[in-house]
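Written out below as structure tokens is the structure these notes cover.
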Amino acid sequence: MYIILLGPPGAGKGTQSRRLAQEYNLKIISTGDIFREEIRKESELGKKVKKYLEAGLLVPDHIVIELVKSIIRYPECSLGVIFDGFPRTIKQAEELDRLLSNCNRKVDIAINIEISDEDVIKRNTYRRVCINCGRVYHLIFDPPKTSDICDFCGGKLIQRKDDKEDVIRKRLEVYRQWTRPIIQYYSEKSILVNIDGTKNIDEVYNQIKTVIEKRVKKLRSHNPPD
Ligand code: ADP
Ligand code: AMP
């Protein structure tokens, strides 16, 4: 299955994609996580994209598309992928369709996690991320057992540079201008499902699981196993 998680910054895409990937044995492609890792390594790509991430702006389409093109070829992507933070523009969505159709695949479902602007600010301001394993916490809604330490690997928790209020507001503005139109794009293809992202993490997860399982059933009824 090829699943896209849509939603404004802080909607819970990363949180949910980790759980879904485990349950359904899917590979995650999180362009934001990849860019942050490249910046940390000070690679050529990292140097190119740093200024966009720090300002809360989108990395240019051609860079993002090249990156996804190179990853989607990996054999582990052939069993299915959850896209987190990609596509973010109509151009990226069109390019993804092209890339998948080249290998006789398609996006099966686009899950749009909806939260309010007020929640966007709250979710991002109090987000903390493990510097070592990338696990995401929230100081109020999903706190670590020990302050500033990752429950899973003992790594240090940090605040993302773009999780400061002025940059969060910029990211929200960018989302409205460039990314929100994608909702319509997938709606026209009849593969969009809206999810109430304001519920707690488990409830959002259960909503998503229900829609995925419904889609799997539908796909199986169209393509019964031999
Ligand atoms: P995104 O990947 O969409 O930017 P994240 O998954 O990183 O969002 O979540 C943003 C913040 O909100 C994190 O601190 C996370 O722990 C918290 N969070 C995620 N889902 C929920 C939820 N359903 N209720 C409350 N907090 C949540
Ligand atoms: P995220 O981790 O999804 O919140 O993304 C963090 C930042 O990475 C964004 O604010 C952008 O600067 C950049 N980014 C991630 N994914 C994309 C994308 N698909 N297109 C353009 N920029 C992206």
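The values are calculated or read from the model by the stated rules, or taken from the named source; none is laboratory data. Model, not experiment: these values are computed from the prediction. No Cβ is skipped: glycine too gets one built from the backbone with ideal geometry, and neighbour counts run over all protein chains shown. All accessible areas refer to the heavy atoms of the entire protein, side chains included, with ligands and DNA or RNA removed. Shrake-Rupley method; radii C 1.70, N 1.55, O 1.52, S 1.80 Å.
Out of all DSSP beta bridges in region 1-137, what portion is antiparallel? Express it as a percent rounded to 5.
Taking every DSSP beta bridge within region 1-137, about 15 percent pair in antiparallel fashion.
Would you mind getting me the FRET efficiency between Phe141 and Ser78? Use the beta-carbon distance for r and R0 = 35 Å, nearest 0.05.
0.50
With a cut-off of 20 Å, note down the residues of region 1-21 whose backbone N falls inside the zone around a label point 7 Å from the Cα of Lys199 toward its beta carbon.
4-8, 10-21
Given the peptides 27-34, 202-209, arrange them by the average over their residues of other C-beta atoms within 10 Å, most packed first.
By packing density, highest mean first, the sequence is 27-34, 202-209.
Give the Debye-formula value of log10 I(q)/I(0) at each listed q (0.09, 0.17 Å⁻¹), with one equal scatterer per alpha carbon of the chain, two decimals each.
So the normalised log intensities are -0.36, -1.39.
Using alpha carbon centroids, what distance separates region 150-226 and region 8-40, in Å?
About 10 Å separates the Cα centre of region 150-226 from the one of region 8-40.
Which value, in Å², gives the accessible area per residue of region 61-184 when a 1.4 Å probe is used on the protein heavy atoms?
54 Å²
Set the Förster radius R0 to 25 Å, insert the Cβ-Cβ distance between Lys164 and Lys47 as r into 1/(1 + (r/R0)^6), and round the FRET efficiency to 0.05.
0.70
Which one, Ile121, Cys103, His62, projects farthest toward the positive side of the charge dipole computed for region 55-176 from Cβ point charges (K/R +1, D/E -1)?
So the residue we want is His62.
Starting from the Cα of Lys51, draw a straight line to each of the lysines and keep only those under 19 Å, dropping any in the same chain fewer than 8 residues away.
List returned: Lys41, Lys161, Lys164, Lys170.
Roughly speaking, to the nearest percent, how much of the chain's 1.4 Å accessible area is carbon and sulfur?
50 percent
Suppose every K and R has +1 on its Cβ and every D and E has -1 on its Cβ; what is the size of the dipole of the chain about the Cα centre, in Debye to the nearest 20?
220 debye
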